[in-house]
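Here is the structure we will look at, set down as structure tokens.
Since every read-out is calculated from the coordinates, none of them should be taken as a lab result. What you are looking at is a predicted structure, and each value in this text was computed from that prediction instead of being measured. No Cβ is skipped: glycine too gets one built from the backbone with ideal geometry, and neighbour counts run over all protein chains shown.
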Amino acid sequence: MSDLPDYYFRTRDNGAFVFRVDAENRQRRLDMEQIATVNIRNGEIKPQGDRVLSDADLAAIKDWMDERQKLLNKREVDDILRTVDHLNQTAHWAQTRATDNQLERVTDALLLAMHDLRGVLVRRKADRLNTETKD
């Protein structure tokens, strides 16, 4: 069990619960003690109860938060690129296999979502172009 990390992070939507891992105790069993809660969105680290986190605890938590944020950012872009693929598959489905009833169920929702997305993308592109012209 010596290959286990010193900390375990139980992820949740906006961060994680942080546990210290202890595999070197008298009973030779794995113990995990919650030491903190972290919030990725606002960078907050809350010690569990009256606990005071050591410099090593804080360094490990901050390193995890940095790596987690990088991973979430990468996943976000990957999710959007998968959405592009899904939109292409949806167009093919609508053109080749969708029944009139199926199209009736999804057309308005798809058109509104795509109109909204198009508006956002056009505005953001215009903002970027205006920024580039000023530079």
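For Rg/Rh (Cα atoms, Kirkwood Rh), one of (1) 1.16; (2) 1.21; (3) 0.94 was computed from the structure I shared and the rest are decoys. Which label?
The value matching this structure is (2).
What are the ³J(HN,Hα) values, in whole Hz, obtained from phi via the Karplus relation 6.51 cos²θ - 1.76 cosθ + 1.60 with θ = phi - 60°, for each residue of the stretch 106-114 in sequence order, with x given for Gly and Pro?
Once θ is set to phi - 60°, the couplings for the stretch 106-114 become 10, 4, 4, 4, 5, 4, 5, 5, 5 Hz.
Among the lysines in the stretch 28-135, how many pairs, 8 or more places apart or on different chains, have alpha carbons under 22 Å apart?
6
Report, in deg cm²/dmol and to the nearest 500, the calculated mean residue ellipticity at 222 nm for the chain, where each DSSP H run with n ≥ 4 adds -39500 (n - 2.57) and the sum is divided by the residue count.
So the calculated ellipticity at 222 nm is -21000 deg cm²/dmol.
Report, to the nearest 10°, how far helix 55-96 tilts away from the longest principal axis of the Cα atoms in the chain, using its own Cα long axis and a range of 0 to 90°.
Rounded to the nearest ten degrees, it is 20.
To the nearest 20 debye, what charge dipole does the stretch 34-135 have about its Cα centre, counting +1 at the Cβ of each Lys and Arg and -1 at the Cβ of each Asp and Glu?
220 debye
Evaluate the charge dipole of the stretch 87-135 about its Cα centre and quote only its size in Debye, nearest 20, assuming +1 on the Cβ of each Lys and Arg and -1 on the Cβ of each Asp and Glu.
180 debye
For a quick check, take a GNM of the chain with Cα springs below 10 Å and name the residue from L103, L53, L87 with the largest mean-square fluctuation.
L103
Where the only charges are on Cβ atoms (+1 Lys, Arg; -1 Asp, Glu), what is the dipole of the stretch 7-69 about its Cα centre, to the nearest 20 debye?
In debye, rounded to 20, the stretch 7-69 gives about 240.
Which is farthest toward the positive dipole end of the chain among P47, Q89, L111, measuring Cα position about the Cα centre, with Cβ charges +1 (Lys, Arg) and -1 (Asp, Glu)?
Value computed over the given set: L111.
Please give me the summed charge of the neighbours of E33: other residues whose Cβ is under 14 Å from its Cβ, Lys and Arg +1, Asp and Glu -1.
Residues near E33 contribute -2 overall.
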